[in-house]
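The values are calculated or read from the model by the stated rules, or taken from the named source; none is laboratory data. For clarity, every value in this text was computed on a predicted model and none was experimentally measured. Ideal geometry is used to build each Cβ from the backbone, glycine not excepted, and the neighbour counts take in all protein chains shown. The accessibility values were calculated without ligands, DNA or RNA, using every heavy atom of the protein model including side chains. Shrake-Rupley method; radii C 1.70, N 1.55, O 1.52, S 1.80 Å.
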Amino acid sequence: MTPSTRYLIRGASLYGETAADLLIADGVIAAIGSALDAAGATVVDAQGLVALPGFVDVHTHLREPGREDAETVETGSRAAALGGYTAVHAMANSSPVADTAGVVEQVAHLGRRAGWVDVRPVGAVTVGLKGERLAELGAMAESAAAVRMFSDDGMCVHDPVLMRRALEYVKAVDGVVAQHAQEPRLTAGAQMNEGSVSAILGLPGWPAVAEESIIARDVLLAQHVGSRLHVCHVSTAGSVDIIRWAKARGISVTAEVTPHHLLLTDELVRTYDPVYKVNPPLRTHSDVEALRAALADGTIDVVGTDHAPHPSEHKECEWVQAAMGMTGLETALSVVQLAMVETGLMGWRDVARVLSEVPAAIGRLADQGRPLAEGEPANITLVDPAARWTVDPSVQATKGRNSPFGGRELPGRVVATFYAGHPTVLDGALNTPHPISVAERAGGR
Ligand SMILES: NC(=O)N[C@@H](CC(=O)O)C(=O)O
């Protein structure tokens, strides 16, 4: 169902370039021009705001079913809309694991019922994320959830035979395997990046080679079977080198970097504050530099949040006991502006590429990541690049309070999000969900 309501976005700067009005009607961009007729439309003043295609996250943990104390599809979707997202890929490490058609359909249904963003379930590669036998990849692809991305994220598909078979199976459905690259034997008991800081703190290290060796193996497997590989949360300079080499050879590999790996380093672990504990761990300054350069030159294709909310009791404890993960949906745009735009490494066209266009292409989302052009679906994010705000995790929509940016001042604010023609966010606050949610509730499920 598409809303019949009309909206006129007045004077937005498209991709940070020319200013124009955007008329939204029946879920699509009906017209783009100057001084468009506002008759019958709700006017949204966008002077000084940058209009971008709605953001698409390739890597979100929504925790439902099973860990509703950490997040629900409803709360995570609200956080996503506030962060400027119109679609998110919900990772499979829920409880039960999303390894059957039934579970992925349930997650997709919960997403429509919430109505804040397009929730696209990721299917597990192996049953129960156990790495022993393949899950029902074909059944999940053919289900109503139409899964295209498969991942054991949180766990690595470390058995090379299983990884090969997974790559072969997803090829048949134009799918992609999103690998959490972590050789488990090299990271047993690991608490932080292996390097000079871990040596000083005496914490067991997570060496870069544990990530790089899996990526090297997987790009060769993807080449061997002619399939599509996506590398989750790339965190080291060496990984960038391998991906650059693979792309130069024509291997079909895409890669993501998280906002936190673009900004933070393992020096923060000296605080012993578990808010900085994450998998893969925060690395060194030279890794951060390499990741930024790789995102700017396209070696790394997209920014994926790896939004990983945890209940406070799993974070407000000793470092060694604490869970790994950070929230990210509500701060991603600001961190990208700080790390990439304000450093001069990227412009707003590049931001559209890494936060919207390429993530949609990786997930094969036909209605997302489209250009801001007449006739296209009205998935639009309005950003105020001049805004400055201080992150307060206690007022965020996510249930997770584990933002590593709490108390920091960040630039850039999402002012409005239009999802399929409907404003889910206006004036920087939640508006109402898309009418699709009303229809889904009325369906009685
Ligand atoms: N990224 C994280 O630190 N945590 C993720 C899973 C994972 O990748 O370990 C989570 O689900 O909490």
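For His422, state whether it is touching a residue at least 60 places away in the same chain (Cβ under 8 Å) and over 20 Å from Leu62 (Cβ atoms). In short, yes. Residues in segment 83-107 that are open to solvent by less than 10 Å² (accessible area, probe 1.4 Å) and away from the ligand (no atom under 15 Å from the Cβ): Gly83, Gly84, Tyr85, Thr86, Ala87, Val104.
This table checks each residue for (1) part of a helix (DSSP H, G or I); (2) hydrophobic (A, V, I, L, M, F, W, C); (3) modelled with pLDDT under 95; (4) within 16 Å of the ligand (Cβ to nearest atom).
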site	(1), (2), (3), (4)
Arg283	no, no, no, yes
Met324	no, yes, no, yes
Ser334	yes, no, no, no
Gln337	yes, no, no, no
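Which residue is farthest from His310 (Cα to Cα), if the candidates are limited to segment 140-175 and must be assigned to a helix (DSSP H, G or I), without any contact (Cβ under 8 Å) to a residue 40 or more places away in the chain and open to solvent by 40 Å² or more (accessible area, probe 1.4 Å)? Talk me through it step by step, then tell me what you get.
Step one: list which residues in segment 140-175 are assigned to a helix (DSSP H, G or I), which gives 140-142, 160-172.
Okay, now just the ones that are also without any contact (Cβ under 8 Å) to a residue 40 or more places away in the chain, so 141, 161-162, 165, 169, 172.
With open to solvent by 40 Å² or more (accessible area, probe 1.4 Å) added as a condition, the list becomes 161, 165, 169, 172.
Values: Val161: 33, Arg165: 33, Tyr169: 33, Ala172: 36 Å.
Restricting to residues being assigned to a helix (DSSP H, G or I), without any contact (Cβ under 8 Å) to a residue 40 or more places away in the chain and open to solvent by 40 Å² or more (accessible area, probe 1.4 Å), the top hit is Ala172.
When restricted to residues that are buried (at least 24 other Cβ atoms within 10 Å of the Cβ), touching a helix residue (DSSP H, G or I) at 6+ places or on another chain (Cβ under 8 Å) and not hydroxyl-bearing (Ser, Thr, Tyr), segment 307-335 contains 9.
Among the listed residues Ser151, Ser143, identify the single one that is away from the ligand (no atom under 16 Å from the Cβ) and modelled with pLDDT of 95 or more. Please lay out each step first, then the result.
Numbers: Ser151 fails: away from the ligand (no atom under 16 Å from the Cβ).
Going through Ser151, Ser143 in turn, the sole match is Ser143.
Checking each residue in segment 288-305 for being in contact (Cβ under 8 Å) with a residue 60 or more places away in the chain and either within 16 Å of Val197 (Cα to Cα) or open to solvent by 10 Å² or more (accessible area, probe 1.4 Å) (or both) picks out only Asp301.
Tell me yes or no: at least one residue of segment 260-269 is within 11 Å of the ligand (Cβ to nearest atom), within 16 Å of Gly400 (Cα to Cα) and not acidic (Asp, Glu). So that I can check it myself, show each step before the final result.
Step one: list which residues in segment 260-269 are within 11 Å of the ligand (Cβ to nearest atom), which gives 260-261.
After this cut, where a residue has to be within 16 Å of Gly400 (Cα to Cα) as well, the list is 260.
Subset that is not acidic (Asp, Glu): 260.
Yes, segment 260-269 contains a residue that is within 11 Å of the ligand (Cβ to nearest atom), within 16 Å of Gly400 (Cα to Cα) and not acidic (Asp, Glu).
The condition of being in a loop (DSSP other than H, G, I, E, B), within 16 Å of the ligand (Cβ to nearest atom), out of contact with any Pro (no Cβ under 6 Å at 6 or more places or on another chain) and closer than 22 Å to Val240 by Cα holds for only one of Thr305, Thr299, that being Thr305. The residues of segment 365-407 that are touching a residue at least 60 places away in the same chain (Cβ under 8 Å) and of a type in the set (Lys, Arg), listed by number, are Arg370, Lys399, Arg401.
Rundown of residues vs (1) assigned to a strand (DSSP E or B); (2) more than 26 Å from Asp99 (Cβ to Cβ), yes/no style:
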position	(1), (2)
Glu17	no, yes
Asp21	yes, yes
Val56	yes, no
Leu62	no, no
Arg67	no, no
Ala70	no, no
Ala80	no, no
Ala87	yes, no
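Total residues in segment 48-82 satisfying the condition of being in contact with a Lys or Arg (Cβ under 7 Å, 6 or more places away or on another chain) and either aliphatic (A, V, I, L, M) or surrounded by fewer than 18 Cβ atoms within 10 Å (Cβ to Cβ) (or both): the figure is 1. Take segment 218-277 and flag every residue that is surrounded by fewer than 17 Cβ atoms within 10 Å (Cβ to Cβ) and either at positive phi or part of a strand (DSSP E or B) (or both). Gly226, Gly250, Tyr272, listed by residue number.
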